[in-house]
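To keep things clear, I will list the structure first and then write my remarks on it.
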Amino acid sequence: MLKQQYEAEIQQLLSQMTIEEKAGQLNQCGPSLAGAFDVDFEELLNMVCDGRVSKEKFQKMMASAEQDYHEEALRAGHIGSYNGVSDAETANRLQRIAVEETRLGIPLLFGYDVIHGYRTVTPIPLAESCAWDERLWEETARMSAKEATAGGVHMTFAPMVDVSRDPRWGRISEGAGEDVLINSLYGRAKVKGFQGEDLTRADAMAACVKHFAAYGAVEAGRDYNRVDMSGQKLYEEYLPPFEACVKAGARAVMPAFNDINGVPCTVNEKLLRDILRKQWGFDGMTISDANAIAECVNHGCAADNADAARQALLAGVDMDMTSGVYSRHLKDLIDKGQLNEQELDRAAANVLRIKFELGLFDNPYQASKEREKREMLTGKHRELARTAAEKSIVLLKNEGVLPFSRKQKIGIVGELAAQAGEMTGTWALRAVESDCVSIIDACESQNIDYVYSPGKDEREFREMAKTCDVFLAAVGEYKRESGEASSRGEIALKADDMKMLETLQRLGKPAAAVIFSGRPLAIPWLSENIPAILEAWHPGVEAGNAILNIVFGEVNPSAKLTAAFPYSSGQCPLYYAHINTGRPAGKSKFTSKYLDIPTEPVYPFGYGLSYTTYEYKNLDIQEKGSFIQISVRVKNTGKRRGEEIVQCYVHDTVAKRARPVKQLAGFQKTSLQPGEEKTITFEIEKDKLGYYDEKMQYLVEEGVFEFFVGGNSRDCLMEKIEITE
Ligand code: BGC
């Protein structure tokens with residue numbers, strides 16, 4: 001249906017709808033069933049705790065809630081969307097009620113967290129971002145859309161484009177790391193991949209960009225914590241990835257749980273109206289985070305749930321995710337004259353619009369059992385998941401140990417080497433453990449000569465050392481240790497892992513450590529004492545196969561970190577694009593540093609090794625009209641073919657507001673045969689070199705700029721240029 005046509009239909013529908021039906025469109029029911037009861041869900045829990053409602057009665061209520069309440073409320077037109085429905089049968093059953101048994105037959109919208117794959121789980125977003133590969137990011141998103149839509153999903157709560165510079169924050173795993181440009185390009189690619197070329201197609205899924213905004217900057221890395229931030233920092237470092245996603249056509253946006261400077265994003269008019277709609281021209285739908293509207297009462301910004309509902313609607317939140325406060329309070333607020341019905345109409349129109357855009361009025365039953373069977377975890381999907389993992393695993397250290405040979409006998413230690421279910425990491429809601437391949441599973445299926453021990457017993461280790469040529473130690477985090485509500489105060493390796501690694505070091509055998517984690521870990525000891533280190537993150541269903549391909553050298557690692565590995569938690573937040581102090585760290589005591597730890601990370605942003613080596617030379621910078629042209633010669637100086645991610649950074653040396661010492665301006669991935677040499681050229685537009693002044697005006701100034709090119713953010717060639725206009 002054409003846009004003009006459905007805009008008229010939207011108005012037509014609105015004119016027929018009651019206030020309750022319009023509020024129903026804004027109501028998303030979820031697994032918490034919070035909207036299923038007449039009282040607040042929390043209040044109900046209190047009633048159970050203090051005995052006003054018996055446990056048996058509560059259990060019965062819960063058991064019948066979906067069937068009774070949901071279906072009854074759904075028939076009455078009080079539900080517009082569900083979060084958490086992810087199989088074709090349920091989706092079609094509920095959809096049939098909406099379409100055939102409600103007064104106006106408006107279809108439901110099913111939202112779901114498809115974060116890094118659906119049944120075919122790909123590497124966690126932080127891992128996949130280390131591939132620096134827009135095509136891959138788009139392809140894996142396309143694959144998840146095909147699978148998820150087969151199971152009934154219409155909209156994914158992704159991509160998360162929260163710049164995150166503090167690995168204590170567990171949700172750093174869900175985004176593309178510390179850099180603004182990487183998050184922007186990653187987000188754009190994901191939006192394109194999820195939505196495809198035509199949103200009405202059955203395999204296209206709307207992207208809901210989250211969490212708007214600055215959630216990655218929560219104080220002290222503690223989840224849901226406050227954010228207090230200058231306008232410049234917000235505009236320059238946290239908003240651009242959202243703008244990139246909106247420009248790429250993302251159809252939905254989710255405000256973040258946190259406040260910014262005291263105003264929760266859920267009721268933040270400046271963000272949701274001025275910036276998102278007016279400045280960026282966003283014309284899609286907004287949806288709160290789970291229960292976030294009601295939580296404005298806890299923030300101390302709303303007197304009660306009704307007040308929270310009123311403020312959120314006025315600020316521009318169209319759909320209420322699972323708090324139920326819109327459906328409970330909007331009618332009353334309008335009846336009492338505390339809210340204008342036009343506000344409700346506007347929000348309901350936004351919800352109806354996305355349903356039209358997705359083609360749901362014409363084809364409400366896009367999921368099917370046949371599609372589920374056909375689309376999930378196909379051979380091609382597995383292959384893509386493996387490629388994605390291979391491109392995401394970062395070689396952090398290698399003193400001539402890797403690759404191992406398939407002829408060697410390997411001693412494998414560490415529980416994570418045998419735990420297939422842990423390979424998916426956080427937010428893999430549709431993962432099936434038996435789909436996943438651990439390191440041990442891969443060794444078995446590939447007939448590797450290995451001995452395995454969980455690594456708890458030192459004597460066992462010594463026995464293994466007698467027969468094994470090399471060791472591979474799996475260490476790091478379980479999936480529950482990163483993601484939402486999983487911040488850590490200390491991001492070091494655990495005591496058990498350290499003990500195992502120390503034993504390994506004492507044995508003196510060639511050894512490599514494989515780290516599984518949802519965040520950069522502080523690993524100063526490991527980086528000094530074990531000769532080879534692979535950061536595998538949580539690599540997804542094909543974990544073991546991808547790791548073995550790298551360990552045995554069939555795949556030459558090429559990934560580069562998108563978030564620095566700090567020396568210790570005390571350095572956090574830590575990021576390469578910082579600004580200088582008046583006393584940059586130096587030899588003198590009175591410079592900006594710590595007494596007990598270094599100021600530098602163990603591994604910087606952009607860092608990652610390969611089994612070959614590269615040489616950078618002949619950096620040349622020219623001003624060419626409206627852009628700066630930067631070229632460099634890159635040579636493969638080793639013995640293997642490799643892919644190098646060539647990075648270009650910029651620094652504005654003098655400005656009214658101090659500028660980052662380096663800021664990623666572009667990158668290119670290039671493939672080089674041994675001995676081969678190529679010229680890599682970047683064209684950076686001059687008007688991208690500006691910054692925001694205190695009035696939030698974007699300024700591009702003349703002056704001397706430094707350009708850096710290299711294989712990571714620390715080791716670069718540098719040339720200056722004076723830009724005059
Ligand atoms: C998370 C969101 C997620 C939502 C829906 C919330 O707790 O913050 O990122 O999309 O749940 O499941």
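The values are calculated or read from the model by the stated rules, or taken from the named source; none is laboratory data. This one's a predicted model, so the numbers in the text were calculated from it and none came from an experiment. Please note: Cβ atoms are built from the backbone with ideal geometry, for glycine as well, and neighbour counts cover all protein chains shown.
Could we say that K278 is surrounded by 24 or more Cβ atoms within 10 Å (Cβ to Cβ) and either of a type outside the set (S, T, Y) or under 22 Å from Q25 (Cβ atoms) (or both) here? No. Scan the stretch 300-354 for residues that are more than 16 Å from the ligand (Cβ to nearest atom), aliphatic (A, V, I, L, M), under 16 Å from P255 (Cβ atoms) and part of a loop (DSSP other than H, G, I, E, B) and the total you get is 1.
Just wondering, is there one or more residues in the stretch 262-270 that are more than 29 Å from H578 (Cβ to Cβ), crowded, with 24+ Cβ neighbours inside 10 Å and either in contact with a Ser or Thr (Cβ under 7 Å, 6 or more places away or on another chain) or not small (G, A, S) (or both)? The answer is yes, given that some residue of the stretch 262-270 is more than 29 Å from H578 (Cβ to Cβ), crowded, with 24+ Cβ neighbours inside 10 Å and either in contact with a Ser or Thr (Cβ under 7 Å, 6 or more places away or on another chain) or not small (G, A, S) (or both). Whenever a residue of the stretch 151-165 is within 18 Å of D87 (Cβ to Cβ) and among the hydroxyl-bearing types (S, T, Y), its partners that are within 11 Å of the ligand (Cβ to nearest atom) and modelled with pLDDT of 95 or more, lying with C-beta atoms within less than 6 angstrom and at least six residues away or across chains, give the pairs T156/V114. Cβ separations smaller than 8 Å between residues 6+ apart or across chains give the following pairs from the stretch 365-387 residues that are within 24 Å of I439 (Cβ to Cβ) to residues that are surrounded by fewer than 19 Cβ atoms within 10 Å (Cβ to Cβ): L384/E139. Every condition in (1) surrounded by 19 or more Cβ atoms within 10 Å (Cβ to Cβ); (2) touching a strand residue (DSSP E or B) at 6+ places or on another chain (Cβ under 9 Å) is met by T387 except one, and the failing one is (2). Taken over the stretch 631-664, the criterion of being within 21 Å of T612 (Cβ to Cβ) and among the basic types (K, R) is satisfied by R633, K635, K639, R640, R641. Within the stretch 75-87, the set of residues being away from the ligand (no atom under 14 Å from the Cβ), buried (at least 22 other Cβ atoms within 10 Å of the Cβ) and not β-branched (V, I, T) comprises G77, G80. Take the residues of the stretch 181-200 that are assigned to a loop (DSSP other than H, G, I, E, B) and touching a residue at least 60 places away in the same chain (Cβ under 8 Å): which is nearest to the ligand (Cβ to nearest atom)? The residue in question is L199. The residue list G703, G675, G642, G690 contains one member that is touching a strand residue (DSSP E or B) at 6+ places or on another chain (Cβ under 7 Å), under 20 Å from D133 (Cβ atoms) and of a type in the set (G, A, S), which is G642. Residues in the stretch 99-113 that are out of contact with any Lys or Arg (no Cβ under 7 Å at 6 or more places or on another chain) and within 16 Å of the ligand (Cβ to nearest atom): F110, G111, Y112, D113.
Of all residues in the stretch 223-255, those satisfying the criterion of being assigned to a strand (DSSP E or B), in contact (Cβ under 8 Å) with a residue 60 or more places away in the chain and aliphatic (A, V, I, L, M) are A252, M254. Only one entry of E134, E147, E128, E178 meets the criterion of being more than 15 Å from the ligand (Cβ to nearest atom), touching an Asp or Glu at 6+ places or on another chain (Cβ under 7 Å) and not aromatic (F, W, Y), and that entry is E147. Residues that are under 24 Å from N712 (Cβ atoms) and in contact with a Pro (Cβ under 7 Å, 6 or more places away or on another chain) do not occur anywhere in the stretch 492-511.
If the condition is being within 16 Å of the ligand (Cβ to nearest atom) and not in a loop (DSSP other than H, G, I, E, B), then the stretch 150-174 contributes M155, T156, M160, G170, R171, I172, S173, E174. Only a single item in (1) in contact with a Gly (Cβ under 6 Å, 6 or more places away or on another chain); (2) more than 30 Å from A665 (Cα to Cα); (3) crowded, with 22+ Cβ neighbours inside 10 Å is not met by T200, and it is number (3). Across the stretch 637-657, the qualifying residues are those that are touching a residue at least 40 places away in the same chain (Cβ under 8 Å) and among the polar types (S, T, N, Q), and the one among them that is surrounded by the most Cβ atoms within 10 Å (Cβ to Cβ) is Q647.
Annotation for the stretch 93-114: at least one member residue is at pLDDT 95 or above, surrounded by 17 or more Cβ atoms within 10 Å (Cβ to Cβ), touching a Ser or Thr at 6+ places or on another chain (Cβ under 6 Å) and among the hydroxyl-bearing types (S, T, Y). Taking the stretch 263-294 as the range and being within 16 Å of the ligand (Cβ to nearest atom), in contact (Cβ under 8 Å) with a residue 40 or more places away in the chain and not in a loop (DSSP other than H, G, I, E, B) as the test, the residues that pass are C265, T266, M285, T286, I287. Against the numbered list (1) touching a residue at least 40 places away in the same chain (Cβ under 8 Å); (2) within 30 Å of P403 (Cα to Cα), P660 comes up short only at (2). From the list L619, L609, the lone residue that is touching a residue at least 40 places away in the same chain (Cβ under 8 Å), over 33 Å from the mean Cα position of the chain (by Cα) and more than 22 Å from G690 (Cα to Cα) is L619. Cβ-Cβ contacts under 7 Å between residues 6 or more apart (or on different chains), taken from a first residue in the stretch 112-133 that is under 25 Å from L609 (Cα atoms) to a second residue that is of a type in the set (F, W, Y) and in a strand (DSSP E or B), are listed as W132/F667. Here V209 fulfils each of the conditions (1) without any contact (Cβ under 8 Å) to a residue 60 or more places away in the chain; (2) closer than 20 Å to L136 by Cβ; (3) more than 14 Å from the ligand (Cβ to nearest atom); (4) crowded, with 23+ Cβ neighbours inside 10 Å apart from (3).
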